[in-house]
Amino acid sequence: MTRVLVRADARIRELESEAITVIREAAGLARPGLLFSGGKDSAVVLELAVRAFAPAPVPFPLLHIDTGHNFPEVLRYRDARVAELGVRLITASVPEAAARGLIPAAALDQGSRNRLQSPVLLDAIREHRFDALLGGARRDEEKARAKERIFSVRNAFGRWEPRSQRPELWSLPNTRLAPGQNLRVFPLSNWTELDVWRYIEQRGIELPRSTSPTAGRCSAGTACGCPTSPASVPPRTRLSRSAPCATAPSATTPAPAPSNPTRRPWPR
């Protein structure tokens, strides 16, 4: 892949250094992995992992939860990166999980499959005995993300419990786990979406491109109802990973009427 590098500014270098430290800390666990979807955030986390251990290879596998709605170019991009870096790829498929009865087959026809990824992810964690998974979630995405620690403890059911979270004082994480617990590790916690795009530009990270100019794409590289470009997103519109992307507003969809007509709209 050909890269055009731009000199990184001080903020990007600071965020990169912090994220690399987090990734190296997570690599010290027994069986870590990296969640990779082919979207911009996971592509940045993978680039940071490469830089964290260069010239050695990335010492943990990539885990892709395949919804069955991925664009072909996203899968080609994923396979090209895996071949380029020489890392192991583990794929857990939502349609295959439905065929095995792990999730109801009828749910596959209910639009977005984002929520169906959770049981498939938990099944992959049990099968491959992961004790930590690196992800690309950021605190600026939504209110629920803002509460997350960088090293977030999950119970055996994958649930986030506030009382189980540990203080992260002086950047010294506590990675000890009780039986049944595992970690989600978020190196991009302190990044904003603008930081992600600036890092992609300044480090010359290549992303998959859709061959269809009218196809929608979300950050996970799956088919959805999202607008195709940032210019077509209405002001103050944000897409939440917890909500189905098919419900995302587009430039041609009129905004819903406010519940209180006398209330002044939010200033643009």
Residues of the stretch 79-103 being assigned to a loop (DSSP other than H, G, I, E, B), more than 19 Å from the chain's Cα centre (by Cα) and among the aliphatic types (A, V, I, L, M), which ones?
-> LEU102, ILE103
If you scan the stretch 163-188, which residues turn out to be closer than 21 Å to ALA137 by Cα and aromatic (Phe, Trp, Tyr)?
-> PHE186
Of (1) modelled with pLDDT under 95; (2) touching a strand residue (DSSP E or B) at 6+ places or on another chain (Cβ under 9 Å), GLY33 satisfies all except one. Which?
-> (1)
Please find, among ALA19, ALA52, ALA8, the residue that is out of contact with any Leu (no Cβ under 9 Å at 6 or more places or on another chain), modelled with pLDDT of 95 or more and on the phi < 0 side of the Ramachandran plot.
-> ALA52
Of the conditions (1) of a type in the set (Gly, Ala, Ser); (2) farther than 18 Å from LEU133 by Cα; (3) within 20 Å of the chain's Cα centre (by Cα); (4) not in a helix (DSSP H, G or I), GLY33 fails just one. Which one is it?
-> (2)
So which residues in the stretch 131-190 are more than 21 Å from the chain's Cα centre (by Cα) and of a type in the set (Phe, Trp, Tyr)?
-> TRP170
Selected residue (criterion: surrounded by the most Cβ atoms within 10 Å (Cβ to Cβ)) from residues of the stretch 81-94 that are farther than 24 Å from ARG129 by Cβ and in contact (Cβ under 8 Å) with a residue 24 or more places away in the chain | ARG81
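The values are calculated or read from the model by the stated rules, or taken from the named source; none is laboratory data. What you are looking at is a predicted structure, and each value in this text was computed from that prediction instead of being measured. Cβ coordinates were reconstructed from backbone atoms using ideal geometry, including for glycine residues, and neighbour counts include every protein chain displayed.
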